[in-house]
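See below for the structure under consideration.
The values are calculated or read from the model by the stated rules, or taken from the named source; none is laboratory data. No experiment lies behind these values; they were computed from the predicted model shown. A quick note on method: Cβ atoms are made from the backbone with ideal geometry, for glycine too, and the neighbour counts reach across all protein chains shown. Calculation scope for accessible area: heavy atoms of the full protein, side chains included, ligands and nucleic acids excluded. Shrake-Rupley method; radii C 1.70, N 1.55, O 1.52, S 1.80 Å.
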Amino acid sequence: MPDPTQPATPVVPDKGTNPMWGGRFAGGPAAIMERINASIGFDRKLWAQDIAGSRAHVAMLAAQGIVSAEDAAAIDHGLEQIAGEIAEGKFEFKTALEDIHFNVESRLTEIIGPAAGRLHTARSRNDQVATDFRLWVRDAFDRLEQGLQALQAALIAQAGQHADTILPGFTHLQVAQPVTFGHHLLAYVEMLGRDRSRVADARARANECPLGAAALAGTPYPIDRHATAKALGFDRPTANSLDSVSDRDFALDYLATAGICAMHLSRLAEEIVFWSTPQFRFVRLSDGFSTGSSIMPQKRNPDAAELVRGKTGRVFGSLGALLTVMKGLPLTYQKDMQEDKEPVFDADDTLMLCLAAMTGMVESWTVNAEAMRRATEAGFPTATDLADWLVRQLGVPFREAHHITGHLVKLAEDKGCHLSDLPLAEMQAVHPGITDAVYAVLTAEASVASRKSHGGTAPDRVREAVQAAKERFL
């Protein structure tokens, strides 16, 4: 029988089966629990951010007198060694240690001993992962900004070369009015410019530091959150500890921005697909961005464009997945939020690949200006110019001019000719005031040259817009 007058011998948990949880659990997790719980398979991507956050944290702890300078120096040196091991591919990531945080801390203990345990003073994995993930997403925004600018540069260069190249503009995929190819490409430059503005806005919102919020309520230690925020390049610390550990709006902002950008890329990809068909022949993708057929030797497929179009769905899906994870979560941290990273990682990989592919296609395609110009001969694209001429020269109200022009289009269609081929007498039979001066506005060249309003397709305006785009975006 034990002597009741003597203190009981403490029960020490098996640290081999349960290395990180201390005394709360006596046994290790079930195998299936280990599999569903572990995130090291994907959150190892956060290693650089995790080590940067830990180094900033321990420096602050030492500055505040919470840990000794000696322990802080040992911890910092050990973290630097771990960063080198991971960068060189020598670090062993262990599923049993769940995540990047425990993997790093465990290795730090192997390197410097018990002093490693002081690193986690005044923080939790909750604020630690929120900080790591914000740092990673901030880097992703910077990568996205660079990729968008590179594609803009390619489009602007092509627009400058094709300020005078004429092709039909479409509405409803029906021939509408002649435009210039340069003007058409600059429309995508504007879309990407809005994407870049969303990147800047979202990055600014994300640039607040959760470190020091601890598990959810803050910490009793005399920490300096402004110091760690500054050390990590954040604008300020987050204002509310509950929100700090439960917020994933920064990740949703990234995915929403990525989704809109992917949609823009998909629209351009769709145009490239039909521009490159034998029916259009507007552009020819380089061999580097085309594929062939396993059975039809004549085929030249725009697979790079098709894949950009197809991969857009993955980016959309990532946004939907994270919105679904977050929609029912009460404050504060829930384990569901471990599902926040894979959608963002996948969307980032996918979008950066699509941006690089699109930039390569635009830089290396061959433009068939002759085919573009010939395409303006179908579909009566100068009909609006005829209506405008009736308004300007004859004072006809636009609605009446529209009716007269529609009658002339029907006449030309029945005769199987262009508007410019209609005899003057037949035009005058529809409206006696029409003179032979009308033929001057019925060419594609005259049509685009007349569109001189700000933002219009006139070649001179396009050249001005190219210069302005260089100044705004490059």
> Which residues, taken from segment 295-310, are open to solvent by 80 Å² or more (accessible area, probe 1.4 Å) and under 27 Å from the mean Cα position of the chain (by Cα)?
Replying inline: Leu307, Arg309
> Of the residues Gly292, Gly313, Gly328, which single one is in contact with a Lys or Arg (Cβ under 9 Å, 6 or more places away or on another chain) and exposed (fewer than 15 other Cβ atoms within 10 Å of the Cβ)?
Replying inline: Gly292
> Hey, which of the helices (runs of 4 or more DSSP H) in segment 23-134, taking only ones fully inside, have at least 3 residues that are outside the structural domain of Ala227 (by the TED database), on the phi < 0 side of the Ramachandran plot and open to solvent by less than 50 Å² (accessible area, probe 1.4 Å)?
Replying inline: 40-43, 47-63, 69-87, 100-112
> Between residues in segment 201-225 that are open to solvent by less than 50 Å² (accessible area, probe 1.4 Å) and residues that are acidic (Asp, Glu) and not in a loop (DSSP other than H, G, I, E, B), which pairs lie under 8 Å by C-beta distance while being six or more apart or on different chains?
Replying inline: Ala202/Asp253; Ala206/Asp253; Pro210/Asp127; Leu211/Asp127; Gly212/Asp127; Ala213/Asp127; Ala214/Asp127; Ala215/Asp127
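Looking at Ala469, Ala465, which one is under 45 Å from the mean Cα position of the chain (by Cα), over 19 Å from Gln174 (Cβ atoms), hydrophobic (A, V, I, L, M, F, W, C) and open to solvent by 20 Å² or more (accessible area, probe 1.4 Å)?
Ala465
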> Of Asp99, Asp142, which residue is at pLDDT 95 or above, touching a Lys or Arg at 6+ places or on another chain (Cβ under 8 Å) and farther than 25 Å from Ser241 by Cβ?
Replying inline: Asp142
> Can you find a residue in segment 178-187 that is assigned to a strand (DSSP E or B), in contact with a Gly (Cβ under 6 Å, 6 or more places away or on another chain) and not acidic (Asp, Glu)?
Replying inline: yes
> What residue, of Met352, Met337, is open to solvent by 20 Å² or more (accessible area, probe 1.4 Å) and in contact with a Lys or Arg (Cβ under 8 Å, 6 or more places away or on another chain)?
Replying inline: Met352
